[in-house]
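The values are calculated or read from the model by the stated rules, or taken from the named source; none is laboratory data. On a predicted model such as this, the values are computed, not experimentally measured, just so you know. Please note: Cβ atoms are built from the backbone with ideal geometry, for glycine as well, and neighbour counts cover all protein chains shown. To get the accessible areas, we keep the full protein, side chains included, count just its heavy atoms, and leave off ligands, DNA and RNA. Shrake-Rupley method; radii C 1.70, N 1.55, O 1.52, S 1.80 Å.
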Amino acid sequence: MLPSVLDARGDTEGLGVVLLEAMNHGTPVIASRVGGIPDIVEDGVSGLLVPPGDVDTLAQHCAGCATTPPWRTGWGGGRRRLREQFSWPAIVQRWLDLYAGLVTRPR
């Protein structure tokens, strides 16, 4: 779980590495929909997103996990998302695709 908010200066969670680590271990995640977190968590697929500061919704989702295991609800796909989007082979491939597009682009 990674609840997060915007602070007084407008700063927030950038990437949320702890979410990637949890997903790598097959642990479903609940996090705030702020900063870079929605880039990691696909709501309802690899975890659940809640509005920042909404403690009631956060508590409801946590309680729901205690009574209905996430793998039964169908949103435990974090390991697949991690492998497809955030693994080193996936990151390297995106860089190679970017460079190939730049090299082959007509001037």
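Descriptive notes on the structure:
- Number of the condition not met by residue 13 [criteria: (1) among the acidic types (Asp, Glu); (2) surrounded by 15 or more Cβ atoms within 10 Å (Cβ to Cβ); (3) at pLDDT 90 or above]: (3)
- Whichever residue in the stretch 35-64 is hydrophobic (A, V, I, L, M, F, W, C) and over 19 Å from residue 82 (Cβ atoms) and, among such residues, is surrounded by the most Cβ atoms within 10 Å (Cβ to Cβ): 50
- The set of residues from the stretch 18-34 being open to solvent by 30 Å² or more (accessible area, probe 1.4 Å) and modelled with pLDDT of 90 or more comprises 18, 21, 33.
- When residues of the stretch 56-107 are limited to those that are among the hydroxyl-bearing types (Ser, Thr, Tyr) and not in a helix (DSSP H, G or I), the one modelled with the lowest pLDDT: 68
- Looking across the stretch 5-24, the residues that are in contact (Cβ under 8 Å) with a residue 12 or more places away in the chain and either under 19 Å from residue 83 (Cβ atoms) or of a type in the set (Ser, Thr, Tyr) (or both) come down to 12, 15, 16, 18, 19, 20, 22, 23, 24.
- Within the stretch 88-107, residues that are free of Cβ contacts under 8 Å to residues at least 24 places away in the same chain and open to solvent by less than 90 Å² (accessible area, probe 1.4 Å) have Cβ atoms under 9 Å from residues that are of a type in the set (S, T, N, Q) and part of a helix (DSSP H, G or I) in these pairs: 91/85, counting only partners at least 6 apart in sequence or on another chain.
- Of all residues in the stretch 21-39, those satisfying the criterion of being assigned to a helix (DSSP H, G or I) and either more than 14 Å from residue 77 (Cβ to Cβ) or in contact with a strand residue (DSSP E or B) (Cβ under 8 Å, 6 or more places away or on another chain) (or both) are 21, 22, 23, 37, 38, 39.
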